[in-house]
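Engineer: Mind looking over this structure? Questions follow.
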Amino acid sequence: MKIDFNLHKALELRRQSPDRVAAVQESLWRQHLGQAANSPFYRRLLAEMEIEPAESTLADLARLPFTTRHDLERDPSSFLAAPPERQVDLALTSGSTGDPILVPYTANDLDRLAFNEMLNFWGAGIRAADRLLLCVTLDRCFVAGLAYYLGLVKLGCGAIRSGPGQPARQWELLNRLHPTGLVGVPSFLLKTALWGREQGFDPRACGIRYLVTIGEPVRKCDGTLTPLGRELEESWSAKVFNNYGATEMETAFSECSSGCGGHVHPELMLAEIVDDAGRVLPPGEPGEVVVTPLGVEGLPLLRFRTGDIARLHVEPCSCGWQTPRLGAIEGRLAQRLKVSGTTIYPEMVFQVLQELPEVKNSYLEIRSTYDLSEEINVVVGLDNPADQAITLRLAELLQARLRVRPRLTAQDHDLVQKTMEQGGGRKLKRFFDLRGEQKT
Ligand SMILES: [Zn+2]
């Protein structure tokens, strides 16, 4: 059985009982295993485990070892499962944790991507009459922008391929083409609203109803909006829908109008949450997100460890879809810190900093101390770094929320911006891991 990329069949599946969904998934699982067995890595693994794809059941999932980014980086070609003549789009991972990895898409993989994003837009309430301004990168071997574009086209919406940056250009298109939604990075969409307001435009009255965001968290793990998410909704008078995905996953979870996590698309994904020892955790408990994207041809993966921390919710959702939801990403495993015996993720610090409008920008520096604990230096960019009252308030707020008191360095926000732009990557650098380096 292959995935049917039909909107109405997909919507029907989302209203079925868990048993019925599991039966469909099992059939797709067998097909996915068969495709994975075309890659040298999984052919060897499945033979060792004595798993025969055509006879496997979903119970085999928990028997399989995890695949890590490290496995992919060590020998990327051993994961390829489609010959070059079937690879039609060559994407690269953004390389935030290592060398970029080639993720080749077949024509069917692109259809799958379009289907996934079509459902994400549909779940947000977007329909064919809507027009969306795509303020994301569509080229440079990134896949997210392409996925959004294909999804909009498949849904029959108007896609406006603006690209990222330059609020002036975004406003030119807003005024000329009257989109009903924006797709982009939250901080940039907020910057665009503020820029427009300064120029005398009214972002709250220009017809934007949907803000589809990527890359930065807009919700806390309890489902409420972060200060950035709240400010974004207020600035455009529109609703935020966050998407979570990664290039290797080839799948994005979609937030529905209930705003309580990203729905797992049952025909596209098996999602698990595991603890440090690799044990599968029950719903509601935070752990590492492990994904098995179904139906991928070019680079099929089994039990891929994402390195992201979140929890799964299985209570029925008020939107009517009966599928589990992935809560907000609470942190990255690689950035987990132990400070004075307390576990902290950088995202927790950034969420506190967002509450003070005086903080224009910020990054973290992490160093090891002699007792193998970690020391955080929170660098904040202010208009007036000499203002002691603000730094004192910040220190108290951090202490109250995190139960530890990190070091705090106030700098001019232009200087902080320059430091964050180092490396010239797609994203501003906000986490400087100096744990392997000598203290100077
Ligand atoms: Zn829902």
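The values are calculated or read from the model by the stated rules, or taken from the named source; none is laboratory data. Just so it is clear, the structure is predicted and the values come from calculations on it, not from any experiment. Cβ sites come from the backbone with ideal geometry, for glycine too, and all protein chains shown count toward neighbours. Surface accessibility is based on the protein's heavy atoms, side chains included, excluding ligands, DNA and RNA. Shrake-Rupley method; radii C 1.70, N 1.55, O 1.52, S 1.80 Å.
Engineer: Of all residues in region 35-55, count the ones that are in a helix (DSSP H, G or I), more than 17 Å from Phe304 (Cα to Cα) and open to solvent by less than 30 Å² (accessible area, probe 1.4 Å).
Structural biologist: So the count comes out to 1.
Engineer: Select from region 206-216 the residues that are of a type in the set (Val, Ile, Thr) and either part of a loop (DSSP other than H, G, I, E, B) or away from the ligand (no atom under 16 Å from the Cβ) (or both) and list them in ascending order.
Structural biologist: Within region 206-216, the subset of a type in the set (Val, Ile, Thr) is 208, 212-214.
Ile208, Thr213, Ile214 - these are the residues of region 206-216 that are of a type in the set (Val, Ile, Thr) and either part of a loop (DSSP other than H, G, I, E, B) or away from the ligand (no atom under 16 Å from the Cβ) (or both).
Engineer: Mind telling me which of the residues Asn384, Asn377 ends up being free of Cβ contacts under 8 Å to residues at least 12 places away in the same chain, away from the ligand (no atom under 16 Å from the Cβ) and either surrounded by fewer than 17 Cβ atoms within 10 Å (Cβ to Cβ) or among the small types (Gly, Ala, Ser) (or both)?
Structural biologist: Of the residues listed, the single one that is free of Cβ contacts under 8 Å to residues at least 12 places away in the same chain, away from the ligand (no atom under 16 Å from the Cβ) and either surrounded by fewer than 17 Cβ atoms within 10 Å (Cβ to Cβ) or among the small types (Gly, Ala, Ser) (or both) is Asn384.
Engineer: Another question, if that's okay. Which is more than 13 Å from the ligand (Cβ to nearest atom), buried (at least 17 other Cβ atoms within 10 Å of the Cβ) and in contact (Cβ under 8 Å) with a residue 12 or more places away in the chain, of Glu285, Glu297? Give the steps one after another, and end with the answer.
Structural biologist: Numbers: Glu285 fails: buried (at least 17 other Cβ atoms within 10 Å of the Cβ).
Exactly one of Glu285, Glu297 is more than 13 Å from the ligand (Cβ to nearest atom), buried (at least 17 other Cβ atoms within 10 Å of the Cβ) and in contact (Cβ under 8 Å) with a residue 12 or more places away in the chain, namely Glu297.
Engineer: Right, next: Looking at region 262-275 only, could you name the residues that are in contact with a Ser or Thr (Cβ under 9 Å, 6 or more places away or on another chain), in a strand (DSSP E or B) and more than 8 Å from the ligand (Cβ to nearest atom)?
Structural biologist: The first filter runs over region 262-275 and keeps only residues in contact with a Ser or Thr (Cβ under 9 Å, 6 or more places away or on another chain), leaving 262-266, 268-272.
With the extra rule that they be in a strand (DSSP E or B), the set shrinks to 262-263, 269-272.
Gly262, Met269, Leu270, Ala271, Glu272, listed by residue number.
Engineer: For region 1-39, which positions are modelled with pLDDT under 95, under 20 Å from Glu52 (Cβ atoms) and under 24 Å from the mean Cα position of the chain (by Cα)?
Structural biologist: Listed by number, the list is empty, since nothing qualifies.
Engineer: Do you know which residues across region 117-127 are part of a loop (DSSP other than H, G, I, E, B) and of a type in the set (Gly, Ala, Ser)? Break it down into steps so the answer makes sense when it comes.
Structural biologist: Our first condition is that a residue be part of a loop (DSSP other than H, G, I, E, B); within region 117-127, this holds for 124-127.
Within region 117-127, Ala124, Gly125 meet the criteria.
Residue-by-condition table, conditions (1) among the charged types (D, E, K, R); (2) farther than 30 Å from Arg43 by Cβ:
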position	(1), (2)
Glu288	yes, no
Leu301	no, no
Arg305	yes, no
Arg311	yes, yes
Cys317	no, yes
Gln322	no, yes
Leu333	no, no
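Residue-by-condition table, conditions (1) of a type outside the set (Lys, Arg); (2) open to solvent by 20 Å² or more (accessible area, probe 1.4 Å); (3) at positive phi; (4) not in a loop (DSSP other than H, G, I, E, B):
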| residue | (1), (2), (3), (4) |
| --- | --- |
| Lys338 | no, yes, no, yes |
| Thr343 | yes, yes, no, yes |
| Val349 | yes, no, no, yes |
| Tyr363 | yes, no, no, yes |
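Engineer: Restrict the check to region 225-240 and report whether at least one residue is charged (D, E, K, R), assigned to a loop (DSSP other than H, G, I, E, B) and either within 30 Å of Asp71 (Cβ to Cβ) or within 16 Å of the ligand (Cβ to nearest atom) (or both).
Structural biologist: Start the filter on region 225-240 by keeping residues that are charged (D, E, K, R), which leaves 230-231, 233-234, 239.
This time we only want the ones that are assigned to a loop (DSSP other than H, G, I, E, B), so: none.
No: zero hits.
Engineer: While we're looking at this one, here's another question. Residue by residue through region 245-261, note down the ones that are away from the ligand (no atom under 13 Å from the Cβ), modelled with pLDDT under 90 and in a strand (DSSP E or B).
Structural biologist: Gly245, Ala246
Engineer: Moving on to the next point. Consider region 98-123. How many of its residues are over 24 Å from Leu301 (Cβ atoms) and open to solvent by less than 10 Å² (accessible area, probe 1.4 Å)?
Structural biologist: Count: 1.
Engineer: Then there's this: Sort out which residues of region 408-440 are at pLDDT 90 or above and farther than 30 Å from Leu92 by Cα, and write them in order of number.
Structural biologist: Selection gives Leu408, Thr409, Ala410, Gln411, Asp412, His413, Asp414, Leu415.
Engineer: Among the residues of region 302-336 satisfying the criterion of being assigned to a strand (DSSP E or B) and of a type in the set (Lys, Arg), which is nearest to the ligand (Cβ to nearest atom)? Write out each step before concluding.
Structural biologist: Initially, region 302-336 is screened for residues assigned to a strand (DSSP E or B), giving 304-310, 312-313, 325-326, 331-332.
Those still in the list that are of a type in the set (Lys, Arg) too: 305, 325, 332.
Numbers: Arg305: 26, Arg325: 7, Arg332: 25 Å.
Step by step, filter region 302-336, then rank; the result is Arg325.
Engineer: Then there is this: Tell me which of these Arg219 doesn't satisfy, since it passes every other one: (1) open to solvent by less than 50 Å² (accessible area, probe 1.4 Å); (2) more than 18 Å from Ala144 (Cα to Cα); (3) away from the ligand (no atom under 16 Å from the Cβ); (4) not hydroxyl-bearing (Ser, Thr, Tyr).
Structural biologist: Result: Arg219 passes all but (3).
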